[in-house]
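Participant: Take this structure, written in structure tokens, and hold onto it; I'll ask about it next.
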Amino acid sequence: MLARNRIEVVHGVNLDQLGRRDPTHYGPLTFDELERLVDEQARELDLKARFFQTNHEGELVEHLHNLQEQADGILLNPGAWTHYSYAIRDALEIAALPAVEVHLSDVGSREEFRRVSVIRDLCLTTVSGLGPDGYRVALERLRDELAEEAVER
Ligand code: DQA
């Protein structure tokens, strides 16, 4: 078991509305169902997931400010903020924790504006278009990173 295994699963704007959003892009799960599934995925990988969602940009910024002592890694799906929020980008940089960007839908094959991510280069990797399975891929990447850190310490 890793000593540092706390993953903050952070969802941004409109993700609480999953279940009401276009299932061809986002699948059939409600937001609660998605969080429950990610919690199970994390347990299977010996990670401890904690969850946060907000529709208020400043709240997400402040949450990231306070994260350093509370988490060892971040799984971040900022929703539409991905594409333009430099405030969230800067706050993620301040958090200074290993992070993975996740999108349920395949943002690269949708509208032009979704191809831009202002957080991508701050993240270990971006997982997009795999639906809920993408969260497992992201958790595995974070676990690998924390395992590597543990060897280096
Ligand atoms: C999303 C993709 C974004 O473009 C969109 O604005 C979302 C969800 C995804 O998970 O596919 O709200 O981040």
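Participant: Does the range 64-87 hold any residues that are assigned to a helix (DSSP H, G or I) and over 28 Å from ALA150 (Cα atoms), and which are they?
Facilitator: Scanning the range 64-87 gives ALA80, TRP81, THR82, HIS83, TYR86, ALA87.
Participant: While we're here: Can you report the number of residues in the range 130-153 which are more than 13 Å from the chain's Cα centre (by Cα) and crowded, with 16+ Cβ neighbours inside 10 Å?
Facilitator: Total meeting the criteria: 4.
Participant: Could you tell me which residue of the range 93-118 is surrounded by the fewest Cβ atoms within 10 Å (Cβ to Cβ), considering only residues that are of a type in the set (Val, Ile, Thr) and assigned to a loop (DSSP other than H, G, I, E, B)?
Facilitator: VAL116
Participant: Here's something else I'd like to know. Does the range 118-128 contain at least one residue that is without any contact (Cβ under 8 Å) to a residue 12 or more places away in the chain and either closer than 26 Å to GLY19 by Cα or not charged (D, E, K, R) (or both)?
Facilitator: no
Participant: Answer yes or no as to whether GLN53 is away from the ligand (no atom under 12 Å from the Cβ) and at negative phi.
Facilitator: So GLN53 fails the test.
Participant: A further question follows. Do we find that ALA3 is more than 13 Å from the ligand (Cβ to nearest atom), of a type in the set (A, V, I, L, M) and in a loop (DSSP other than H, G, I, E, B) in this structure?
Facilitator: Considered against the rule, which asks whether it is more than 13 Å from the ligand (Cβ to nearest atom), of a type in the set (A, V, I, L, M) and in a loop (DSSP other than H, G, I, E, B), ALA3 comes out as yes.
Participant: Condition (residue is more than 17 Å from ASP133 (Cα to Cα), within 15 Å of the chain's Cα centre (by Cα) and either at pLDDT below 95 or outside any loop (DSSP other than H, G, I, E, B) (or both)) applied to the range 29-46: is it met by at least one residue?
Facilitator: No: the range 29-46 contains no residue that is more than 17 Å from ASP133 (Cα to Cα), within 15 Å of the chain's Cα centre (by Cα) and either at pLDDT below 95 or outside any loop (DSSP other than H, G, I, E, B) (or both).
Participant: Please specify each residue of the range 6-33 satisfying the condition of being within 21 Å of GLU59 (Cβ to Cβ), more than 10 Å from the ligand (Cβ to nearest atom) and touching a residue at least 12 places away in the same chain (Cβ under 8 Å).
Facilitator: Of everything in the range 6-33, those that are within 21 Å of GLU59 (Cβ to Cβ), more than 10 Å from the ligand (Cβ to nearest atom) and touching a residue at least 12 places away in the same chain (Cβ under 8 Å) turn out to be ARG6, ILE7, GLU8, VAL9, VAL10, ASP16, PHE31.
Participant: Here are some residues: ASP90, ASP72. Which one is surrounded by fewer than 20 Cβ atoms within 10 Å (Cβ to Cβ) and either more than 10 Å from the ligand (Cβ to nearest atom) or under 15 Å from GLU8 (Cα atoms) (or both)?
Facilitator: ASP90 is the lone residue from the list that is surrounded by fewer than 20 Cβ atoms within 10 Å (Cβ to Cβ) and either more than 10 Å from the ligand (Cβ to nearest atom) or under 15 Å from GLU8 (Cα atoms) (or both).
The values are calculated or read from the model by the stated rules, or taken from the named source; none is laboratory data. Keep in mind the model is a prediction, meaning the values are calculated, not measured. Neighbour counts are summed over all protein chains in view; Cβ atoms, including those assigned to glycine, are modelled from backbone coordinates with ideal geometry.
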